[in-house]
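A quick write-up on the structure given underneath.
The values are calculated or read from the model by the stated rules, or taken from the named source; none is laboratory data. Quick caveat: nothing in here was measured; it's all calculated off a predicted structure. Positions of Cβ are generated from backbone atoms using ideal geometry, with glycine treated the same way; all protein chains shown enter the neighbour counts.
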Ligand SMILES: [Zn+2]
């Protein structure tokens with residue numbers, strides 16, 4: 001009997017290099033790696049689960065927190081498909 005550990009997808013904010021928007025990314029674990037997908041354009045990247053992902057989220061969140069003080073719109077990125085274009 002195989003018991004699969006169910007892990008919920010992780011939603012996090014990130015600048016997407018494919019579409020150029022600041023968007024919500026959704027990380028879905030698949031074994032030792034995770035597929036991180038732009039919820040706006042569908043661009044996918046593979047990350048090591050969970051170390052790479054954790055580092056990426058940590059540095060992104062710090063950046064977003066700092067930037068949200070200047071650009072409050074960034075705090076509105078919350079749901080799948082949300083996207084903001086900044087210069
Ligand atoms: Zn994208």
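Structure values in brief
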{"read-out": "All positions within segment 10-25 that are part of a loop (DSSP other than H, G, I, E, B) and surrounded by 16 or more Cβ atoms within 10 Å (Cβ to Cβ)", "value": "16, 21"}
{"read-out": "Total residues in segment 19-34, condition touching a strand residue (DSSP E or B) at 6+ places or on another chain (Cβ under 6 Å) and either without any contact (Cβ under 8 Å) to a residue 60 or more places away in the chain or more than 24 Å from residue 76 (Cα to Cα) (or both)", "value": "7"}
{"read-out": "Single unsatisfied condition, residue 28 versus (1) more than 22 Å from residue 84 (Cβ to Cβ); (2) assigned to a loop (DSSP other than H, G, I, E, B)", "value": "(2)"}
{"read-out": "Flag if residue 37 is at pLDDT 95 or above, within 10 Å of the ligand (Cβ to nearest atom), closer than 24 Å to residue 72 by Cβ and not in a loop (DSSP other than H, G, I, E, B)", "value": "no"}
{"read-out": "Matching residues, segment 43-66, being touching a strand residue (DSSP E or B) at 6+ places or on another chain (Cβ under 9 Å), in a helix (DSSP H, G or I) and under 20 Å from residue 84 (Cβ atoms)", "value": "56, 57, 60, 61, 63, 64"}
{"read-out": "Positions within segment 72-87 being in contact with a strand residue (DSSP E or B) (Cβ under 8 Å, 6 or more places away or on another chain) and in a loop (DSSP other than H, G, I, E, B), in sequence order", "value": "77, 78, 79, 80, 81, 82, 85, 86"}
{"read-out": "Check on residue 12, at negative phi and more than 13 Å from the ligand (Cβ to nearest atom)", "value": "yes"}
{"read-out": "Test: residue in segment 39-54 that is surrounded by fewer than 16 Cβ atoms within 10 Å (Cβ to Cβ) and in contact with a helix residue (DSSP H, G or I) (Cβ under 8 Å, 6 or more places away or on another chain)", "value": "no"}
